[in-house]
Amino acid sequence: MLPGTNQEIVNPFDLKSYLDVYYIVILPNLFLYSSIIFGVVTFTRNVYVGFVSVILIVIIEGLLQGLSSNPDNRFLAALLDPSGNSAVAYYTRYWTVSEQNELYLPLGELLIYNRLIITSLGLITLFSIYKAFSFSQNAFTFSFSKKDSKRMIKNNFGGITKVNLPKITIDFSFKNDIKKLWDLSNIDFLFIVKSWPFIIIVIISLLINLVGLSELGNVFGTPTYPRTWKMLQAGVTFTLFINICTFLYAGNLLHRSRVANVNQLIDTTPTPNWILLGSKFLAIIKMQLILVSLVMISGILFQIYNGYYDFEIGHYLYELIGLSMISYVIWALLAFLIQTLITDRYVGLFIMILLFIGIPLLGAAGVEQSIFKYNAGTGYAYSDMNGYGSSLNRYFLYKIYWLSLGLAFYILAYLFYFRGLPSNFKERISIANSRFKGKYPKFLALFMLIFLSSGGYIYYETNILNERTSSKERELQTVEWEKKYKKYENYDQPRIVSVKVDVNLFPKTLDADASGTYVMVNKTSNVIDSLFLNHGSSISTFKFNKETDLVLEDTLYNFDIYKLKQALNPGDSINLFFTVKNKPNTMIRNNSSVVSNGTFLNNSAFPSFGYPGGELRDDKTREKYDLPPNKLKPFPSDSTALGNTYISKDADWIDFEATVSTSKDQIAIAPGYLQKEWIEGDRRYFNYKMDSKILNFYAFNSGKYEVAKDKWNDVNLEIYYHKDHDYNLDRMMKGMKAALDYCSTNFSPYQHKQLRIIEFPRTAGGFAQSFPNTVPFSEDIGFIAKVDDSEEGGNDYSFFVTVHEVAHQWWAHQVIGADVLGSTMLSESLSEYVSLKVIEQVNGKKKMRKFLKRSLDEYLTSRTFERKRENALMYNDGQGYIHYQKGSLIFYALSDYIGEKTLNNALSKYVKKVAFQEPPYTTSIDMVNHVKEVTPDSLNYLIKDMFETITLYQNRVVETKSKKLDNGKYQVDMNLKSVSIEIMKREEYFTEKKKEIQLLIKLMI
Ligand SMILES: [Zn+2]
């Protein structure tokens, strides 16, 4: 057993598992791959081409495996994938953790066929090589114009002719040196672009890019409009190839003359070293430019192919040449040093690849800071709304730091440049010493100065100005936090009943400040003597309208304890007046979530009361620190646990008013209705007030928005969107109306008079979230979707996501579950159910299959990663794959079994009972009871299978017989077999209970 291995999660050694993999998977693969590469190298006489073919094979494998993400393609992928992985996955895809632990590699039919195909392909390849091989000296070449291979006999005996040699003048001017540098670099550049490995790499990277482009942003089978940032994002696949080419050709160019044995000739020319080295470097830069321009060319071609003509050439050039090139150049500088110091270019290449792969992995070895990892640092992210935001300052600072080090490396490369016949390294050092004069020491000093000062600044900011905690320290802090403060978890606290805030957003300086008043009431039957105030790390002040003593102020965890001079009696109220503002922003760090266009922040920046949780979840780690195993949330049957909703621990329903200010050219939005809007100086103010009770859950948005307006009955519908993103406004409006229609007809009236969707930048996340009458919506999740309404088209997710979010106005904002297991079934599963039903109305039942199939696949796949937290739907622990995928399947199926009307009537009755209720809050048990009431006895097993247990069905058609009848119709006889598998949980692992069952199944032929 390796030291450090967690023995409890490792099975005992079992030779068969290893041998199976070796004989069934590895051996046939090795046979095929090595015969292909043997063939390639034999015919091209070029090791590099062999090396590149390895990469090509890996990529083809990746593509074929990518095929299997769509369930319909899995059979084909399993048959053809040369690695056999797709065939294995065909059988093991849905294996749970315990099955993965206990079962052997399944030798299914498909796997056998796949292995047979692979082995015979290997044999065919070897045989063809044998047949085609000839002992000719020249490599196998393709040529379109057949050369005449007539033997030339030179006539050297035709007498002596006088040749006038041209008179040579040597020009040593700087201008001529530059020209020489340029000309030489062109020769090297042509050498690169004409070589096989380069051509093959270009073809491969274009192919991968093409696949990447066509798969890009594919959500629910629907692509997005090919915005330029999307094209650039797909181009990231080139990064690896550009770097590999850089490492490869840095070595090839530096050692080129020696490999060709003309080095002594070249070394005797009067060309100075800086030109010889510089021309090679310049050739590499030219090669990099060619490769990055391929990103632009393929991007634009793809855009044209898709009928999209909004080319942002400036954006392409800026990102490719202004941003990404710096990074490639920094790698090239290091590659030149390594390839100069090391005399064997293969070793040099190997070292560079090792560094390239190894440096990012240093984090795992405890080196977490970017300034210790060559060419590391923060990246950049683009959004149509907000451009590169504030990410560029950080990016450039780190790049200046690494570029200066890289340039210093380049000077070293110059000093050690290989010329003449130095015999050993000692000699090379003395040569380097003799070259280190003139301007070189000055340049080296300059670059080191920039390197150290920018590095010093980064270090100062990340380590001294802001305290930096390593992941280990953070883990320790989490442990200490729990040990120190968990004891206050069950102390009674007053509940917030009213929130009134003034929020000022400054999109130009990226700052925000706010002040506000909470009114809080002691809703318990006990007196409250202490307040546990929990706030973020921003600069804040707190003032209560009753006398208090600050008895504990923890600046590490931002947790304060106030003792009330006079205890708060049941029913008494207390006000908190607070101010918060972000710490000043610096070059590297933005301490507010404000962005220059499209700010989206929520109330988590404001103070809250009580112990908020946030403990370590992994039991093994907890054990290490003597913490008891992490408990799941309480069961819904636990009547003492129903005091809080899962949204908020310190409030039930609140009154809400907010005044939000922003710069003059932006619109600011908060939940509620606009009461007043005014301009003061260069600031624009908006006062919003809500006229009914809402959850303590609100957000603020600000941006330069266009507004689309519509109406549904008396409800005002608005979409605040970025000016170029008007593609799907109709679909979203339609979605709002459809959801409002469906929910108000089937459940209860809509509680607001207005409904707004507000776009925010993708850099803040790719989701949509429902706040009271307000739905912030990422630019990424519908605004730029390119929906195809035809039968083959994917799902219209701008419509679908809108419906889901609007349904939350009922399922979360009217009915909200207690903070116990299963509560997300009441919000997420039911919102998802509503959207399925609404889509069904629009698209018809037939198209639903596509969607449901995907959900089933996702549920079955995600559960295989679960070790112990999978529960039945009504006891789920908030996992997405249960409350979205499984939940939606179950409610949709249920509506089929008992009838949509019947189910909705039960839900409507449930809504009437529990909407806007005060604690104790409702649970999934209550909801399922409402469903049980309307379910006929014959279907009682469904409730158990769907909600109360984890049960899977295995339905198979065992045999079919069909015969043509006289009336032209067919009679089809089928023999079906259904097995239900109930998954039982026992301690850590799951076991299965199988039984043959009687099921009601609808068949379509
Ligand atoms: Zn949701």
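How large is the accessible surface of L116 in square angstrom, using a 1.4 angstrom probe and rounding to the nearest 10?
Approximately 100 Å² for this residue.
Would you grab the residues whose amide H sits under 5 Å from the one on N585? Only those 5+ places off in sequence or on another chain, please, with H modelled 1.01 Å from N.
Under 5 Å from the amide H of N585: N591.
On a straight-distance basis, which lysines could pair with K963 in a cross-link, Cα separation under 28 angstrom, same-chain partners fewer than 8 positions away excluded?
Reachable lysines: K846, K977, K1002.
Residues with amide H under 5 Å of D384's amide H, sequence separation 5 or more or different chain, H placed in the peptide plane at 1.01 Å from N; which?
Placed amide hydrogens put R762 under 5 Å from D384.
Quick one: which residues, 5 or more positions from D511 or on another chain, have an amide H under 5 Å from its amide H? H modelled 1.01 Å from N in the peptide plane, none for Pro or chain starts.
Placed amide hydrogens put F506 under 5 Å from D511.
Write down the Kirkwood hydrodynamic radius of the range 695-833, to one decimal in angstroms, obtained as one divided by the mean of 1/r over all alpha carbon pairs. List each step's numbers first, then the result.
On the way: mean 1/r = 0.0650 Å⁻¹.
The answer is 15.4 Å.
Using 0.36 nm times the number of residues separating D665 and N11, minus their current alpha carbon distance, what extension gain do you get? Don't jump to the answer; show the numbers that get you there.
Details: separation 654, 0.36 × 654 = 235.44 nm, distance 6.31 nm.
My answer for the length gained is 229.1 nm.
Any chance you could get the radius of gyration and Dmax over the Cα atoms of the range 870-982, in Å?
18.8, 67
Find the all-direction average of the projected area of the Cα convex hull for the range 267-377, expressing the result in square nanometres with one decimal place. Each step should come with its number before you reach the end.
Numbers: hull surface 42.3 nm².
Taking the Cα atoms of the range 267-377, their convex hull projects to 10.6 nm² on average.
Hey, can you list the DSSP H helices of the chain whose Cα span along the axis is 27 Å or longer and whose average Kyte-Doolittle score is at least 0.0?
Working: long enough: 47-67 (31 Å, 2.22); 109-132 (34 Å, 1.19); 174-193 (28 Å, 0.33); 196-215 (29 Å, 2.09); 273-305 (48 Å, 1.64); 391-415 (36 Å, 0.94); 439-459 (30 Å, 0.98).
Taking the DSSP H segments of the chain (at least 27 Å long, mean hydropathy at least 0.0), we get 47-67, 109-132, 174-193, 196-215, 273-305, 391-415, 439-459.
Let me check I have the definition right: for the range 660-741, take the eigenvalues of the Cα gyration tensor, multiply each by 5, take square roots. What are those semi-axes in whole Å, largest first?
Values: eigenvalues 112, 68, 23 Å².
Largest first, the range 660-741 gives 24, 19, 11 Å.
When the helices in the chain are scored as -39500 (n - 2.57) per DSSP H run of 4 or longer and the sum is shared across all residues, what 222 nm value do you end up with, to the nearest 500 deg cm²/dmol?
Values: 30 runs with 413 residues, N = 1005.
One gets -13000 deg cm²/dmol as the mean residue ellipticity at 222 nm.
Counting only protein heavy atoms and using a 1.4 Å probe, what share of the accessible area of the range 241-358 belongs to carbon plus sulfur, as a whole percent?
Values: 3280 of 4540 Å².
With neighbouring chains kept in place, the figure for the range 241-358 is 72 percent.
Starting from the range 438-503, pick out the trypsin sites (Lys or Arg not before Pro) whose DSSP state is loop and whose Cβ has at most 14 other Cβ atoms within 10 Å. Walk me through the numbers before you get to the answer.
On the way: sites: K439, K442, R468, K472, R474, K483, K484, K486, K487, R495, K500; in loops: R468.
Qualifying residues, ordered by number: R468.
Taking the range 633-692, how many lysine pairs are there with alpha carbons less than 22 Å apart, if each pair must be eight or more places apart or span two chains? All intermediate terms of the calculation are to be shown ahead of the outcome.
On the way: K633/K649; K664/K676; K664/K689; K676/K689.
So the count of such lysine pairs works out to 4.
Starting from the Kirkwood Rh over alpha-carbon pairs, what translational D in µm² s⁻¹ does the range 214-336 have by Stokes-Einstein at 4 °C and 1.567 mPa s? The partial results should precede the final answer.
Values: Rh = 16.6 Å.
My calculation gives 78 µm²/s for D.
From the P(r) of the range 384-482, could you give the percentage of C-alpha pairs in the tail past 18 Å? Walk me through the numbers before you get to the answer.
Values: 3257 of 4851 pairs.
Taking all Cα-Cα pairs of the range 384-482, the fraction more than 18 Å apart is 67 percent.
In whole Å, what are the Cα extents of the range 232-299 along the three principal axes, biggest one first?
Computed over the Cα atoms, the extents are 47, 19, 14 Å.
Using the Karplus curve 6.51 cos²θ - 1.76 cosθ + 1.60 with θ = phi - 60°, work out ³J(HN,Hα) for each residue of the range 462-467 in order, rounded to whole Hz, and write x for Gly and Pro.
Going residue by residue, I get 8, 10, 9, 5, 10, 6 Hz, with x marking Gly and Pro.
HN-Hα J couplings of the range 518-528 from phi, Karplus 6.51/-1.76/1.60, θ = phi - 60°, integer Hz, Gly and Pro as x?
Along the range 518-528, the couplings run 9, 9, 10, 10, 7, 8, 8, 9, 10, 7, 10 Hz.
How long is the gain from L121 to I178 if the chain were fully straight, where each residue apart is worth 0.36 nm and the alpha carbon distance is subtracted? Intermediate results must be reported in sequence, preceding the final value.
Numbers: separation 57, 0.36 × 57 = 20.52 nm, distance 5.39 nm.
The L121-I178 span can extend by a further 15.1 nm.
In a solvent-free Debye calculation with one equal scatterer on each Cα, what is log10 I(q)/I(0) for the chain at q = 0.06, 0.07, 0.08, 0.10 Å⁻¹, listed in the order of the q values?
-0.61, -0.81, -1.04, -1.49
Give the accessible surface of the range 317-464 per residue, rounded to a whole number of Å², with probe radius 1.4 Å and ligands, DNA and RNA excluded.
Working: 6900 Å² over 148 residues.
Spelled out: the 1.4 Å probe surface of the range 317-464, per residue, equals 47 Å².
Using a 1.4 Å probe on the protein heavy atoms, what percent of the accessible area of the range 619-753 belongs to carbon and sulfur? Can you show the working numbers first?
Numbers: 2880 of 6060 Å².
C and S atoms contribute 48 percent here.
Going by average Cβ neighbours within 10 Å, how do the peptides 841-850, 188-197, 817-826, 408-417 rank, with the highest at the top? Let's see the in-between values first.
Details: 841-850: 13.2, 188-197: 16.8, 817-826: 25.4, 408-417: 20.5.
Result, highest mean first: 817-826, 408-417, 188-197, 841-850.
So what is the diffusion coefficient of the range 445-567 in µm² per second by Stokes-Einstein at 37 °C and 0.692 mPa s, using a Kirkwood Rh over Cα pairs? If you can, show how the numbers build up before the last one.
On the way: Rh = 18.4 Å.
In µm²/s, the coefficient rounds to 178.
Project the alpha carbons of the range 63-124 onto their principal axes and report the range along each, largest first, in whole Å.
So the three principal-axis extents are 40, 25, 16 Å.
Report the residues of the range 175-190 in range of a label on I321: point 7 Å along Cα→C-beta, backbone N strictly under 19 Å from it.
182, 186
Among all stretches of the chain without exposed GluC sites (Glu not before Pro) (DSSP loop, at most 10 other Cβ atoms within 10 Å), which one is longest? Don't skip to the end; give the middle numbers.
Numbers: sites that count: E467, E547, E791, E792, E987.
The answer is 1-466.
Please turn the phi angles of the range 642-652 into ³J(HN,Hα) values with the Karplus equation 6.51 cos²θ - 1.76 cosθ + 1.60 (θ = phi - 60°), one per residue in order, whole Hz, x for glycine and proline.
Along the range 642-652, the couplings run 9, x, 10, 7, 7, 8, 8, 9, 10, 7, 9 Hz.
The values are calculated or read from the model by the stated rules, or taken from the named source; none is laboratory data. In this text the structure is predicted, and so the values were computed from the model without any measurement. When we count neighbours, we look across all protein chains shown, and the Cβ atoms used for this are built from the backbone with ideal geometry, even at glycine. Accessible surface is based on the protein model in full, side chains and every heavy atom, while ligands, DNA and RNA are left aside. Shrake-Rupley method; radii C 1.70, N 1.55, O 1.52, S 1.80 Å.
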